Amino acid sequence: MRDTTEDRSYVATVRRGLIVFLIAAAMLAVFNSARLRSAVRDWPPSAVTDRIVLSADRWHGWMEAIGAAALVPAIHDGFERVRRLRWDG
């Protein structure tokens, strides 16, 4: 199998896409931990799910302790205030 420039370019693109995905997932886990916690609670019950829920609860507690969990609700509230403004035209 030959290693062409096109193959290397494709692999580099996939690698960059994976890096972007992992950074975005990490940011969501840190700044939107309440949503993560809520999402895993909707999974079907099992021994594995119970451990994941416990881990998500613990993670959210840590994010609350450092203040990261407060960022998304604060941004959401700001956008809601702007949305409710009455614009006189």
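Table: residues versus (1) modelled with pLDDT of 90 or more; (2) surrounded by 11 or more Cβ atoms within 10 Å (Cβ to Cβ); (3) out of contact with any Leu (no Cβ under 9 Å at 6 or more places or on another chain); (4) among the small types (Gly, Ala, Ser).
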residue	(1), (2), (3), (4)
PHE31	yes, yes, no, no
ALA34	yes, yes, yes, yes
ASP42	yes, no, yes, no
ASP50	yes, yes, yes, no
ASP57	yes, yes, yes, no
GLY67	yes, no, yes, yes
GLY78	yes, no, yes, yes
ARG83	no, no, yes, no
ARG86	no, no, yes, no
Q) Which ones in region 1-29 are of a type outside the set (Gly, Ala, Ser) and more than 30 Å from LEU71 (Cα to Cα)? A) MET1, ARG2, ASP3, THR4, THR5, GLU6, ASP7, ARG8, TYR10, VAL11, THR13, VAL14
Q: Please determine, by comparing only the residues of region 39-60 that are out of contact with any helix residue (DSSP H, G or I) (no Cβ under 9 Å at 6 or more places or on another chain) and assigned to a helix (DSSP H, G or I), which one is nearest to ALA74 (Cα to Cα).
A: ARG58
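The values are calculated or read from the model by the stated rules, or taken from the named source; none is laboratory data. A quick note: this is a predicted structure, and the numbers were derived from the prediction, not measured. Please note: Cβ atoms are built from the backbone with ideal geometry, for glycine as well, and neighbour counts cover all protein chains shown.
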